[in-house]
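Asker: I'd like to ask you about the structure that follows.
Just so it is clear, none of the values below were taken in a lab; they were calculated from the coordinates. All values reported here derive from a predicted model rather than from experimental measurement. Glycine also receives a Cβ, built like all others from the backbone with ideal geometry; neighbour counts cover every protein chain displayed.
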Amino acid sequence: MKLANKIALVTGAGRGIGKGCALALAEAGADIILNDRPDSPDIAATAEEIRALGRHCWAIEADVFSRTGCESLVAAALAEADRIDILVSNPAFSRRENFLDFDPDTFERVIQGALTSGFHMSQLVARHFVERGEGGKIVFISSVHGVMPFPRAAAYNAAKAGLDHMMRTIAGELIGHRINVNTIAPGWIDTPGEHESFSTDVMAEAGKEIPWGRLGLPSDIGKATVFLCSDDSDYVTGEILTVDGGIRLKGYLDHQPPPTEQEKKPS
């Protein structure tokens, strides 16, 4: 129970990676302020799963893609739970389209969701942390897209790269307040959103191509989140924790030299 008596606010947590983070934090002892978009079809069921673990859970619908939505979420969270100890910023929005055909309004929407929302949420929660004077934990959910320029994802790639660099800046400015600020960069994670973009067969074959031999799971990201939100990471700030099953190494592994004759001999 590394997070006993802590209260965590997780955005975009109705399903997928956000839900995996919320469940893992609850399993580690935290009470959860669960956020998803207005009229979310998932938030109520996820809240019940968390309560079934014996944790308090406040389910708050709010649009974190806007400043006013973030402000209303934080105000409601503090009214319900009285304080916030942990923020996991996980708004999710991505569209794939060829660069030459990319719709400008869609580009702006991806940046707004994947980058700007993180600024608004972290600023509002960090002000609360500073006012309380007891430190805090901020974890942004980024992506390997921040360093890997996948085709047909110009907006998402740019947003996640910006999020990573913004995180380092925020970490530096808040270090004197003992607020840990870090990022998790997932690889290809098996989420409901991915199944809306790719068929089950495509995803099954993709998992075989990842060096670890499978797609990631939301629980993989949840476990990393627990580490960064616990005292185990007290001396860690301004870092990107990549959780990708080795997907960034794939190109290098494809070019490994064959074993030497000495290496072939049994030890």
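Asker: List, largest first, the extents of the alpha carbons of the stretch 108-221 along their principal axes, each in whole Å.
Answerer: Computed over the stretch 108-221, the largest-to-smallest principal extents equal 50, 30, 21 Å.
Asker: Still on this structure, I have one more. What full-extension length gain, to one decimal in nm, is calculated for Thr169 and Phe198 as 0.36 nm per residue of separation minus the Cα-Cα distance?
Answerer: Numbers: separation 29, 0.36 × 29 = 10.44 nm, distance 3.50 nm.
Additional length available on full extension: 6.9 nm.
Asker: So what is the calculated 222 nm ellipticity per residue for the chain, using -39500 (n - 2.57) for each DSSP H run with n of 4 or more, over all residues, to the nearest 500 deg cm²/dmol?
Answerer: -13500 deg cm²/dmol
Asker: Which whole-Hz couplings ³J(HN,Hα) result when phi for each residue of the stretch 177-184 is put into the Karplus expression 6.51 cos²θ - 1.76 cosθ + 1.60, θ = phi - 60°, listed in order with x for Gly and Pro?
Answerer: 9, 6, 10, 7, 10, 9, 10, 10
Asker: If you don't mind, there's one more thing I want to ask. Using unit Cβ charges (K, R positive; D, E negative) and no other charged atoms, how large, in debye to the nearest 20, is the dipole of the stretch 125-251 about its Cα centre?
Answerer: Charge dipole of the stretch 125-251: 260 debye, to the nearest 20.
Asker: Taking 0.36 nm per residue of separation and subtracting the Cα-Cα distance, what length does fully extending Arg248 through Glu205 add?
Answerer: 13.7 nm
Asker: With +1 assigned to the C-beta of every Lys and Arg and -1 to the C-beta of every Asp and Glu, and no other charges, what is the dipole magnitude of the chain about the Cα centre in debye, to the nearest 20? Don't skip to the answer; put the middle values down first.
Answerer: Details: 26 positive and 37 negative charges, 107 e Å.
With only Lys, Arg, Asp and Glu charged at Cβ, the dipole is about 520 debye.
Asker: How large is log10 I(q)/I(0) at q = 0.08 Å⁻¹ when the Debye formula is applied to the Cα atoms of the stretch 7-264, each weighted equally and without solvent?
Answerer: Result of the Debye calculation: -0.32.
Asker: Tell me the Kirkwood radius of the stretch 1-99: reciprocal of the mean inverse pair distance over distinct alpha-carbon atoms, in Å. Walk me through the numbers before you get to the answer.
Answerer: On the way: mean 1/r = 0.0746 Å⁻¹.
The Cα-based Kirkwood calculation yields 13.4 Å.
Asker: I would also like to ask the following. Measuring from label point to label point, each 7 Å out along Cα→Cβ, what is the Met1 to Arg95 span in nm?
Answerer: 4.7
Asker: Pick out the long, greasy-scoring helices in the chain: whole DSSP H runs spanning 27 Å or more along their own axis by Cα, mean Kyte-Doolittle at least 0.0.
Answerer: What comes out of the filter, once short or polar helices are dropped, is 154-174.
Asker: Order 100-106, 216-222, 67-73 from most to least packed using the mean count of other Cβ atoms within 10 Å.
Answerer: Details: 100-106: 10.0, 216-222: 21.4, 67-73: 17.9.
Sorting 100-106, 216-222, 67-73 by mean packing, highest first, produces 216-222, 67-73, 100-106.
Asker: Right, something else. Can you figure out the FRET efficiency of Asp103 with Ala52, using R₀ = 41 Å and their beta-carbon distance, to the nearest 0.05? Before the final figure, lay out the partial values.
Answerer: On the way: r = 42 Å, r/R0 = 1.01.
Once rounded, the FRET efficiency stands at 0.50.
Asker: Rank by packing, highest mean first: peptides 223-230, 197-204, with packing defined as the count of other Cβ atoms within 10 Å averaged across residues.
Answerer: Output ranking for 223-230, 197-204: 223-230, 197-204.
Asker: How much length would be gained if the chain were fully extended between His177 and Glu239, taking 0.36 nm per residue of separation minus their Cα-Cα distance, in nm to one decimal? Present the calculation step by step, with values, prior to reporting the outcome.
Answerer: Details: separation 62, 0.36 × 62 = 22.32 nm, distance 1.70 nm.
Taking His177 through Glu239 to full extension adds about 20.6 nm, to one decimal.
Asker: Of the DSSP beta bridges with both residues in the chain, give the percent that are antiparallel, rounding to the nearest 5.
Answerer: Looking only at bridges with both residues in the chain, the antiparallel portion is about 0 percent.
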